[in-house]
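Structure, as structure tokens:
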Amino acid sequence: MSGHDESRRPRLLEAHFLIAAVTLCVTAVWMLAWGNKWFLPKKPVPWPEGTIITQDFRLDSLPIEFGPFVRAADDVIARDEDDLPDGEIILPDDQLELLRIGTSYDKSRYADRLSNWYLIRQYLDKRDGGMHPAWRLEVYYYTGALDAVPHVPDICLVAGGAKTVDADSGTVTFRVPSARSPWDEPLEVRRVVFQPADRLGRGQKYASYYILNFNGAPKKSRNRVRLAQANPLVRYCYFAKIQFAPVGPVRDQAETDKCAEEFLNNVLPSVLKALPTAEDVKQLHSGRPQSSASNTGLSG
């Protein structure tokens, strides 16, 4: 054997030793976690009493009016024969299936306030002459599962054929001082600017904003939610996506951001009332008795 090969042997032995040591450490941690039942399935967090969820899994207790913004009334946007306001958007079953809302699992836990739910509404600005007279608000609530958080505009818009404008997309800081803690601190909100795939909108830019809520605390990215979900010490968990967007195109991004911050200031405090607080989740982890799972907060 050459001297060169002899000189490599100590390094190879050292590398093998390190690999073996790391493997043993990982195995030991895994066995400790298993022994302490850290890998038990995630448990669902009930939505607060007073939060009204319809039997088709829509949030129904959110006010129809926030400051200058009011839910679009019937036949304001489109002429139709249903009795629903134009601003109340109901998803068909196939879309709900893709969103994993209204499944048989949800139906089995609906009466205990433990199902997933959603809300999609369009609000109109009652003031004349505003840059963005219409806004779309979406809220999605998921609990009791290790979900991959796939439904964010960064991914879904591209999947639908839109083209994101990376130079204008990014994180913006909004302040909502009237929101409950810790949401009254500066919030890092994700802004996605895109050009739609259809010909009518080609060449125009649109913006969509969102922030995620994990166990009562704001998260700006789905990767941060995934990391929090993967924590073996977290037994009870939920996450919610709060998404909002001006309906029309963006002509001045800075002004649109100001309008978006104003809209968030009006809607966020009420949206948070429909979501469990960090203290609610903490009580579940401490083993304190949960509130009565009656039909309070349910609606037909």
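The values are calculated or read from the model by the stated rules, or taken from the named source; none is laboratory data. Since the structure is predicted, the reported quantities are computational estimates derived from the model, not experimental observations. Positions of Cβ are backbone-derived with ideal geometry, glycine not excepted, and every protein chain shown enters the neighbour counts.
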(1) touching a strand residue (DSSP E or B) at 6+ places or on another chain (Cβ under 9 Å); (2) modelled with pLDDT of 90 or more; (3) among the charged types (D, E, K, R) all hold for Lys107 apart from (1)
Subset of region 57-72, residues surrounded by fewer than 16 Cβ atoms within 10 Å (Cβ to Cβ) and part of a loop (DSSP other than H, G, I, E, B), comes to Pro63, Ile64, Gly67, Pro68
Among Val192, Val158, which is the only one that is modelled with pLDDT under 80, outside any loop (DSSP other than H, G, I, E, B) and either exposed (fewer than 14 other Cβ atoms within 10 Å of the Cβ) or among the β-branched types (Val, Ile, Thr) (or both)?
Val158
Only one of Thr171, Thr143 is touching a Pro at 6+ places or on another chain (Cβ under 9 Å) and of a type outside the set (Asp, Glu). Can you tell me which?
Thr143
Among residues belonging to region 105-126 that are hydroxyl-bearing (Ser, Thr, Tyr) and more than 14 Å from Leu137 (Cβ to Cβ), point out the one that is farthest from the chain's Cα centre (by Cα).
Ser108
Kindly indicate whether Ser221 is modelled with pLDDT under 90, surrounded by fewer than 21 Cβ atoms within 10 Å (Cβ to Cβ) and assigned by TED's automatic domain parsing to the domain that holds Thr277.
yes
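Each row is one residue, and each column tells you yes or no for (1) touching a strand residue (DSSP E or B) at 6+ places or on another chain (Cβ under 8 Å); (2) outside the structural domain of Gly87 (by TED's automatic domain parsing); (3) surrounded by 16 or more Cβ atoms within 10 Å (Cβ to Cβ); (4) modelled with pLDDT of 95 or more.
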| position | (1), (2), (3), (4) |
| --- | --- |
| Val165 | yes, no, yes, no |
| Leu187 | yes, no, yes, yes |
| Arg202 | yes, no, no, no |
| Tyr236 | yes, no, yes, no |
| Ile242 | yes, no, yes, yes |
| Pro246 | yes, no, yes, yes |
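Determine, yes or no, whether Arg121 is surrounded by 19 or more Cβ atoms within 10 Å (Cβ to Cβ), in the same structural domain as Pro63 (by TED's automatic domain parsing) and at positive phi. Spell out how you get there, then give the answer.
Numbers: surrounded by 19 or more Cβ atoms within 10 Å (Cβ to Cβ): yes; in the same structural domain as Pro63 (by TED's automatic domain parsing): yes; at positive phi: no.
In short, no.
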